[in-house]
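A quick write-up on the structure given underneath.
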Amino acid sequence: MSLAAAYMFGIKQGVNPIPLSDFVSYYEFNNNANDTIGTNNGTPTGLTYESGLVGNRGVFNGTSSKIDIADNNSLSFTDGVNDKPFAISLLVTFDTLSGSSMFFTKYQGGTPDIFEYGFVSFGNSLNFTLFKSNDVNTRIQMTFTLNRVVGQTYLLSVSYDGSKTLAGLKLFIDQTDVTASTSKAQVGTYTGMSNTVSLARIGYRGFATPNYQDGTIDQIAILNRAITLTDQEYIYQKYQAGQSLI
Ligand SMILES: [Ca+2]
Ligand SMILES: [Ca+2]
């Protein structure tokens, strides 16, 4: 194969760094909130769909749209003692720069509140946090200031290697590893996540003051391993070509 053929359309042909076995769940928003790989189908509320970069995408109205996903062991990344690696990757657009955007969380308000992890944006501050043993006050987190542009599509991916350390957290935006520009912090003494009974949620955070995504979300991949910049570049190029990862 010639070099040109090997890199047709910018994608290295015949090399798929993300095989099906690396996926836990994949939400493609083709007129539903189903998991096209695993069994973690979502239940959408107030969600509509429109044409996006890769088939359809979910449209979140900022006031009531959300997806609930039942608790399942496959969405918790702990064996009870040690954390396991995982990554969350998604396409997102923003209709407004005010308020907060909830990409994918596994925590929920209630009595008591319960916490595992969350990938969200508070205004321009992207935030990925892992909570120790269901304790909101003990955690490791990574934040990054993204000066968002309304309507622009971003490929956002967070990665964790399971090491229980800040060094194990990474953030990729489009084709760049921005980890070195993130702000990381440990609060308390983090010793690992819990497997709780919390729902997983897309587009919504249900505490006393709920937060709703206002914009679109698409192609949420939950992977069972940490990812590299090579993975991110592959995902980006596939999506730019309008192709699903599967
Ligand atoms: Ca899609
Ligand atoms: Ca659970």
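Looking at segment 213-221, is at least one residue of a type in the set (D, E, K, R) and surrounded by 18 or more Cβ atoms within 10 Å (Cβ to Cβ)? For segment 213-221, residues of a type in the set (D, E, K, R) and surrounded by 18 or more Cβ atoms within 10 Å (Cβ to Cβ): present.
Does segment 134-149 include one or more residues that are in contact (Cβ under 8 Å) with a residue 60 or more places away in the chain and farther than 18 Å from P210 by Cα? Yes, the conditions are met somewhere in segment 134-149.
Would you be able to say whether some residue in segment 180-197 is within 16 Å of ligand 1 (Cβ to nearest atom) and modelled with pLDDT of 95 or more?
Checking segment 180-197: not a single residue is within 16 Å of ligand 1 (Cβ to nearest atom) and modelled with pLDDT of 95 or more.
Among all residue pairs at least 6 apart or on different chains, which show Cβ distances below 6 Å where the first residue, located in segment 66-79, is under 22 Å from K164 (Cβ atoms) and the second is among the hydrophobic types (A, V, I, L, M, F, W, C) and more than 9 Å from ligand 2 (Cβ to nearest atom)? Taking only residues 6 or more apart or on different chains, the pairs are S74/V24; L75/A200; F77/F86; T78/M193. From the list T93, T111, the one residue that fits, being within 16 Å of ligand 1 (Cβ to nearest atom) and out of contact with any Leu (no Cβ under 9 Å at 6 or more places or on another chain), is T93.
Look at segment 198-216 and say how many of its residues are in a strand (DSSP E or B) and within 16 Å of ligand 1 (Cβ to nearest atom). Show your work before the answer.
Of the residues in segment 198-216, the ones in a strand (DSSP E or B) are 200-202, 204-205, 211-212, 214-216.
Pick out the ones that are also within 16 Å of ligand 1 (Cβ to nearest atom) and you get 202, 215-216.
Final tally of qualifying residues: 3.
The values are calculated or read from the model by the stated rules, or taken from the named source; none is laboratory data. Computed from a prediction, not measured in an experiment: that's the story for all the values here. Don't worry about glycine lacking a Cβ; one is built from the backbone with ideal geometry, like all the others, and counts go over all protein chains shown.
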